[in-house]
Structures are given as structure tokens and as C-alpha cells.
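Okay, structure first, notes after.
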Amino acid sequence: MATDISSIKITKTANSRLNEVDFENIPFGKVFSDHMFTMDYVNGEWSNFEIKPFQDLHFSPAMSSLHYGQSIFEGMKAYRKGENIYTFRAKDNFDRLNKSANRMCMPNIPNELVMDALEQLLKIDEKWIPDNDSNSLYIRPFMFATDEYVGIRPSETYKFIIFGCPVGSYYTEPLKVKIESHFTRAANGGVGEAKAAGNYAASLYPAKLAKEEGYHQLLWTDSKEHKYIEESGTMNVMFVIDGKLITPDLSGTILPGITRKSVLEIVKSWGIEVEERKIEVTEILEAMENGKLEEAFGAGTAATIAQIHTIGHEGKNYVLPEIADRKISNKVLNFLNRIKRGQEEDKWGWIKSF
Ligand code: COI
């Protein structure tokens with residue numbers, strides 16, 4: 001299998017859309033940069049490595065991913081400070097994509113080639129990477145089954161694509177979330193820890209009901225008893241109680257977030273106690289009632305650090321402490337913003353600049 005960057009065919013657009021974009025007002029996920037990377041899995045190997053203008057795809061109505069959901073994705077970001085482009089833990093995202101691929105019976109991607117392709121793509125589209133402290137280029141790598149076949153079996157062919165969107169905040173205000181005690185995002189032994197498209201589809205209806213009640217998002221609970229907090233669908237969730245950062249452990253039903261693990265490592269390095277463990281809903285309710293819940297926030301690539309200002313449970317809403325008073329999450333957000341743009345010492349080796 002070809003694995004070096006010279007095997008990538010590059011076709012640049014003659015009609016850049018860059019001038020059409022208002023970089024001061026970018027809605028999340030609706031504006032796409034000029035180019036994309038694509039490759040195909042055929043006859044047991046990846047081939048057709050191409051960077052080409054962002055464009056529509058043409059497929060058979062019988063394409064198997066449309067029917068049976070063999071479709072996985074990742075989310076990462078590129079940042080710019082002057083002439084320098086930075087990626088943050090991109091290798092971890094591609095490693096996680098391969099874990100999702102294993103669970104969904106899909107082939108692994110050649111990580112080194114894909115990392116090279118990503119860098120090449122980012123250099124070509126570098127003007128699409130916003131150069132300011134709050135915006136970035138959201139990068140969407142994804143893979144889906146392309147067999148033209150309506151029987152149920154793992155596809156024999158796949159497409160992998162990376163494209164980018166300049167973005168600002170995913171959430172533009174602090175969140176009001178509802179603890180879900182009826183619907184389930186993921187069950188033990190299911191695909192909850194894979195970044196599988198279907199996990200997001202399954203969350204839409206319960207999230208819609210919660211939105212009708214005035215919530216932005218759900219806090220999912222375990223499928224068996226709805227007794228333990230899991231994650232928030234678009235992000236992992238963290239709490240500060242008695243000065244300790246606590247977050248649900250990676251039980252197999254939640255996404256192993258890259259932002260999640262970064263926050264834990266950063267906060268530990270500051271000497272703050274961290275607990276990854278099962279968190280009972282009642283523990284959070286009691287902490288809110290006793291005024292002991294100091295902070296609650298989501299952690300994700302798109303969401304970054306998303307402050308939660310209200311938590312609802314069975315009709316009762318609990319308003320949390322002022323965002324400005326939240327020492328740990330504000331400090332970690334600031335630190336992450338700086339490290340991602342080469343402004344903090346990267347003692348973990350998370351950043352790649354080129
Ligand atoms: C990400 O944070 O990258 C995600 O995939 C979540 C989605 C809400 C965009």
C-alpha cells in the first residue's frame with residue numbers, strides 16, 4: 001500500500017470561496033474551506049489519495065452506510081497564530097477513529113499518511129484557519145461504507161474524507177441541561193464509546209423533547225437504572241465539588257474525549273485532585289441542594305469548555321454558581337486556548353506546528 005505523501009494527487013480550486021466568508025460571524029458547521037482530502041478502500045487496501053476542491057459526492061441509493069449506518073467520524077481543530085498553524089492531539093483523534101472502526105467492523109486508516117494528508121490540506125487551506133483567540137478551523141475526518149448492497153454484512157468498500165469548517169463557539173451561551181431519566185444514549189456492550197454516526201442520530205429525539213422544555217442539551221444517564229451520569233452527547237461532563245474535579249469514568253458507554261483527557265491531565269498537573277468514577281445523579285442533586293457544586297461544564301472539541309449554568313431534573317431546575325466565580329474551568333479554558341496556539345509550554349507534546 002502506498003503510504004507516502006508524494007502519492008497524494010493534488011488539484012487546487014480555481015475559484016476560492018474565501019472572499020465570500022464573514023470571519024467575524026461564522027455559524028458552526030455551515031461554511032466549508034476550499035479543499036478536502038479523500039481516499040477509497042477497495043480490494044482490502046486504501047488508494048486514490050486526493051486533495052481536491054470541496055465538492056458534492058455521487059452515490060448509489062443502495063449505498064450500505066445510508067441503510068445500516070456503518071459510518072464513523074472525528075472532530076479536531078487547527079489553530080493559527082500569525083504564520084504558524086497548530087494541530088492539537090490530531091494523532092489521538094486518528095487513533096480513536098481506528099478504535100471506532102474496529103467496533104463498527106470497518107478497516108483502519110493508515111494514520112501516518114492521513115496525518116501527512118491533513119497537514120498538506122491545512123497548508124493549502126491555511127487562509128481558512130482563523131487567526132484569533134476564539135475561532136479555529138474545525139476538522140471533520142469521517143469514514144463510511146460504500147458498497148452498493150442491501151444485504152446485511154460489513155461493507156467491502158469505504159470512503160474516508162477530511163474537510164474543514166472555520167468556526168467560532170459551538171455553544172454561544174452557558175447551558176441549561178436536563179438529566180435524562182427515560183431515554184438512553186448507549187447501553188453496556190453497545191457502541192457508546194465509538195464515534196459512530198448512529199449514536200448522534202439516536203440522541204436527536206430526546207434532545208428535541210428537552211429543547212421543547214427549554215434545555216440546550218441532555219445529561220445522559222446509564223441505560224440500566226438511570227442512576228449514574230454519563231456524558232452530554234456533544235461533550236463529556238465534569239463537576240467540581242469540594243475543590244475536586246470529578247467526571248464519569250470511561251465505562252464503555254461514553255466517548256473517550258480528547259478534550260476530556262487533556263483537561264484531566266492539565267488539572268492534575270496543577271495539583272488539583274481528580275476523580276474518574278461513577279457519579280450518582282443523587283450525588284449531584286445533593287451537591288446542588290447543599291451549595292457544594294462549585295462548577296459544572298462540558299468538555300469537547302467543538303464545545304471546548306462549555307459552562308453549564310442550570311441543571312434540570314424531573315421538573316426542578318437548579319441554578320449553579322456564577323460563571324465568573326468558576327476558578328478551575330475558566331483557568332483550564334484559558335490554558336487550553338493558549339496551549340493550542342503555541343502560547344504555553346507544551347510539556348505533553350500535544351501540539352504539532354508547521
Ligand atoms: C466534536 O466535538 O468534535 C463533536 O464531534 C461533537 C459535535 C457536537 C460536533
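Quick notes on this one:
- Mean accessible surface per residue for the range 175-340, computed with a 1.4 Å probe while every protein chain stays in place, in Å²: 41
- Per-peptide average of other Cβ atoms within 10 Å, ordering 74-80, 258-264 highest first: 74-80, 258-264
- Semi-axis lengths (Å, descending) of the ellipsoid that matches the C-alpha gyration tensor of the range 5-167: 28, 16, 15
- Annotation: per residue accessible area for the range 5-167 equals 46 Å², rounded to a whole number [probe 1.4 Å, protein chains only].
- Protein accessible area in the range 50-173, 1.4 Å probe - carbon and sulfur %: 48
- DSSP bridge orientation in the range 175-340 - percent antiparallel, rounded to nearest 5: 65
- Largest first, the extents of the alpha carbon coordinates of the chain on the three principal axes equal 61, 51, 35 Å.
- Zero-based 5 Å bins, Cα pair distances in the range 129-277, whole percents: 2, 8, 13, 16, 18, 18, 14, 7, 3, 1, 0, 0
- Packing here is the average count of other Cβ atoms within 10 Å per residue, and on that basis the peptides 117-126, 54-63, highest first, run 117-126, 54-63.
- Rounded to the nearest Hz, the phi-derived 3J(HN,Hα) couplings of the range 81-92 under the Karplus curve 6.51 cos²θ - 1.76 cosθ + 1.60 (θ = phi - 60°) are 9, x, 7, 8, 9, 10, 10, 10, 6, 4, 4, 4, where x marks glycine and proline.
- Of all DSSP-defined beta bridges confined to the chain, some 85% are antiparallel rather than parallel.
- Distance between the range 157-189 and the range 258-327 - C-alpha centres, whole angstrom: 18
- In terms of the mean number of neighbouring beta-carbon atoms within 10 Å, the peptides 281-287, 24-30 order highest first as 281-287, 24-30.
- A full extension of the chain between ASN188 and ASN317 corresponds to an added length of 43.5 nm, given 0.36 nm per residue minus the alpha carbon distance.
The values are calculated or read from the model by the stated rules, or taken from the named source; none is laboratory data. Keep in mind that what you see is a predicted model, and the values were worked out from it rather than measured. Here the Cβ is made from the backbone with ideal geometry for all residues, glycine too, and neighbour counts use every protein chain on show. We work out accessible area using only protein heavy atoms, side chains counted, and drop any ligands, DNA or RNA first. Shrake-Rupley method; radii C 1.70, N 1.55, O 1.52, S 1.80 Å.
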